[in-house]
Amino acid sequence: MTAIDMTGLRGAGRTYAVTGRPGLHVSVANLGLACCAVEFGSAVTRGLLEPADPTLEPEMTVLVVSGTLTHRLTPALVEAWDAVVGPRVVLALGACATSGGPYWDSYAVVEGIDSVVPVASYVPGCPPRPEALVAAIVSLADAS
Ligand code: SF4
């Protein structure tokens, strides 16, 4: 079963760079699972993130998991993580990815993606601000 469109992963299409840090070659791949993915899209439409130059080799790839992870989708998340090549980190965007959010007690929902993949950064909020997403990405890059 492949329930998630993984064309956003590096090497397969839609990746982004941080507009405010032109010297920073970080590839950002979004795994949109629910409404937090709209906030990721907002970061793009506001010009905070821009399509990455495919000819540049990024220093690292940030896999952004934005939204609610269900148990049924867990294998697809593992598959997405395994598909990221090179130096890589996971960013949990929003309350759902962090802890299950408002659906934490649902039988279908995973109480935080860190039980499935290693998470390097958590961005709080329901939903979080696009600026907070970009700030977290820059912090990860600066810490690497
Ligand atoms: S944290 Fe809130 S905005 Fe984000 S996916 Fe969950 S319910 Fe939606």
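The values are calculated or read from the model by the stated rules, or taken from the named source; none is laboratory data. Here the structure is a predicted model, which is why all the values come from computation and not from measurement. Cβ: placed from backbone, ideal geometry, glycine included. Neighbour counts: every protein chain shown.
Quick notes on this one:
- Total residues in the stretch 35-53, condition more than 16 Å from the ligand (Cβ to nearest atom) and without any contact (Cβ under 8 Å) to a residue 24 or more places away in the chain: 1
- Pairs where the first residue, in the stretch 61-88, is closer than 18 Å to Tyr122 by Cα and the second is among the acidic types (Asp, Glu), C-beta under 7 Å, 6+ apart: Ser66/Glu39
- Evaluation of Cys126 against (1) surrounded by 19 or more Cβ atoms within 10 Å (Cβ to Cβ); (2) in contact with a helix residue (DSSP H, G or I) (Cβ under 6 Å, 6 or more places away or on another chain) (one fails), failing number: (1)
- For the stretch 63-71, the condition of being within 14 Å of the ligand (Cβ to nearest atom) and out of contact with any helix residue (DSSP H, G or I) (no Cβ under 7 Å at 6 or more places or on another chain) holds for at least one residue.
- Filter result for Val90 (buried (at least 18 other Cβ atoms within 10 Å of the Cβ), closer than 19 Å to Ala34 by Cα and within 15 Å of the ligand (Cβ to nearest atom)): no
- Any chance Pro75 is more than 14 Å from the ligand (Cβ to nearest atom) and of a type outside the set (D, E, K, R): yes
- Condition broken by Val116, with the remaining ones in (1) within 13 Å of the chain's Cα centre (by Cα); (2) modelled with pLDDT of 95 or more; (3) hydrophobic (A, V, I, L, M, F, W, C) satisfied: (1)
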